[in-house]
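Quick note: the coordinates plus some simple rules give every number you see, no bench work behind them. None of these values were measured; they are calculated from a predicted model. Cβ atoms come from the backbone with ideal geometry, glycine included; neighbour counts cover every protein chain shown.
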Amino acid sequence: MRPQYDLAALAGLASIAAALTVLSGYAIGTEKDLDAISLHMAAAFLITLLALAAMRYLTRVETGGHYNVRPKHEHERSLLPPSDRQNGAGSSPVLLRRLGEELAACNPIIHTLCDHVQNVVQNTEDVAIDIMTRLNRVDQAITELIDFLRASSHDKILPVIEQTEHRLHTILSDFLTNRTEAIFESRSHLGGIADSVQRLDAIVQSIRKVARQTNMLALNATIEAARAGVAGRGFAVVASEVKALARQTDQAAKDIGEGLHALKDAIGESMEALVERQGREQRKDLDTMFSAIGELEQNMKTVTEQQQETLVKMREESEKIAHLVIDLIGSIQFQDVARQKLNGVTGVLHQIVAHSASLADIVGSDHLGGENIEGVLAAVEMQRRQAMESSKISHVAGANSNIIDLF
Amino acid sequence: MAKKVMIVDDSQTMLMSMEGILSKAGLDVAKANNAEEALASLKGGAKPDMMITDLNMGAMNGIQLIREVRRLPGYQFMPIVMLTTESQQARREEAKSAGATGWIVKPVQPDSMLQVIRQLVPGA
């Protein structure tokens, strides 16, 4: 800054810096926003630059340790204490003292700012841990669901199907056994009837044999009655009647035999009809059963396939959700990144506080001699550079991500 | 047998995040809140197959931790990866000289992290 610069310009800059500081402090208190932090840092740096400019100006125009520069404008006069304003004049030591006071006033604000930042960091960490805890619970629930679905598809459904099929085969086998036994029983009963008929036929033949012999005896009796003449007439009548009875007996036995033959044929036909009918009915029943079983198996297959499809879909979707949860758990790292960036900002702010405190001490000193100013300026400049470098490092660290470097 | 990975970080958020990611992948996880705790754990008999450490934490930083770990018997060749928000080349070179195996800038994608672990730890 050239010597001819008026202190009024410096005072104006100080006013702007102070206003920025106050405004940003208010914004931080209400919004807790990073933009407010940037505003605040800008104000602090502006104050620093202002102080440096003021000191350099003083080193150029120094005239034995006292400076007489009168403010040109009214707003510059407002920076002066009332006593100086009443005198109608300002002096550079007064302005410098006021500048030092402004610098010192910045420090509590910046400390408050740092406290706010640390509170924000702590709050976000608490929330992040809470989110992590909940995400872990979600992940655990999804893992259990996936395990259940995986077990359901193999260990639970298939045994039920196999058990059902086994039960159906047992029922069918029992049905066939019962049916066969029933047919054998019916045939056995009919066979017994046929045997009885056969035995009756033999009896009929015996009766017919007896009838034929009786007829022969009646014929012989008739011949003998004829030989006896008149005395044998009555016996001839008896012999004739016996002959007639023998003929009738033979005819009756013949009729019975024919009836038995007819009955035997009928029983044989009934047996075949019975077996055929039962077989037909059995085939019909079996067809119905096989059809029902086939339909049942098809339904079970369809249900199983649909269930399997549902289970697979649920498992796939659950695995996708599980992967998303892991991604979310990974995203929580942003809180740590933000924490470290904010810690970096806090560190820079602390450097600024130390820096401005040094400046305030220097400009507020009554023994500010020109011989020491260059050394003090060099130290202050070093502090400023360190603060700038820290700020730069913090910024660069946040700007890079997804860097993986294996040595 | 599951491979064990030790995570060293002063952030509870990072520890929980890494534990969630690694345990889900079937890895055993050992956690340490700072470098001193990690060293004590190693000296106490913990035998991790790999270490993932933060850079800036407490009194001893991650690079100093690596130097100390490399001095311990049996840990000359254990993979140690820095997981940090910083990315300056100078710091990376410093970590490499100290014995770091790799440098990862936070935040890292879970899949990428697991890929690095499987690359450095056979059978993980």
### Task
Pairs to check: B:K3/B:K96; B:K31/B:K96; B:K24/B:K47; A:K313/B:K106; A:K313/B:K24; A:K341/B:K96. Give those whose C-alpha atoms are more than 27 Å from each other in this structure.
A:K313/B:K106
### Task
Quick one: what are the phi-derived ³J(HN,Hα) couplings along segment B:81-96, Karplus 6.51/-1.76/1.60 with θ = phi - 60°, whole Hz, x for glycine and proline?
10, 7, 10, 9, 7, 7, 9, 5, 4, 4, 5, 4, 5, 4, 5, 4
### Query
Counting partner chain Cβ atoms within 10 Å of every residue's Cβ in A:240-248, what's the average?
0
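Can you list, largest first and rounded to whole Å, the semi-axes you get for segment B:58-102 by taking the square root of 5 times each eigenvalue of its Cα gyration tensor?
Working through the eigenvalues yields semi-axes of 18, 12, 9 Å.
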### Task
Using only the Cα atoms, work out Rg/Rh for chain B, with Rh taken as the Kirkwood radius, to two decimals.
0.92
### Query
Exposure proxy check: B:K106, B:K3 ranked by fewest other beta carbons within 10 Å?
B:K3, B:K106
### Query
What average count of beta carbons from other chains do you get within 10 Å of the Cβ of residues in B:79-88?
5
### Summary
Hull surface over four for the Cα convex hull of segment A:221-279, reported in nm², is 4.2 nm²
### Task
Go from 0 up to the bin containing the longest alpha carbon distance in segment B:1-69, width 5 Å each, and give me the % of pairs per bin.
4, 19, 30, 25, 16, 6, 1
### Message
Principal axis extents for segment A:246-343, Cα atoms only, whole Å, descending order, please.
### Response
142, 13, 8
### Task
Provide the per-residue ³J(HN,Hα) series for segment B:58-72, in order, calculated from phi with Karplus coefficients 6.51, -1.76, 1.60 and θ = phi - 60°, each as a whole number of Hz, with x at glycine and proline positions.
x, 6, 9, 8, x, 5, 4, 4, 4, 4, 5, 5, 5, 7, 6
### Query
In what sequence do A:R280, B:R118, A:R339, B:R92 fall when counting other Cβ within 10 Å, fewest first?
A:R280, B:R118, B:R92, A:R339
## Note on the structure
Partner aspartates and glutamates whose C-alpha sits under 17 Å from that of A:K209, ignoring same-chain residues fewer than 8 away, are A:D201, A:D250, A:D255, A:E258
### Task
Work out the mean other chain Cβ neighbour count within 10 Å for the residues of A:198-205 and drop it here as an integer.
0
#### Entry: Protection proxy ranking, peptides A:251-258, B:59-66, B:25-32, average beta carbon neighbours within 10 Å, highest first
B:59-66, B:25-32, A:251-258
### Message
Within a 10 angstrom radius of the beta carbon, how do A:I223, A:I329 rank from fewest other beta carbons to most?
### Response
A:I223, A:I329
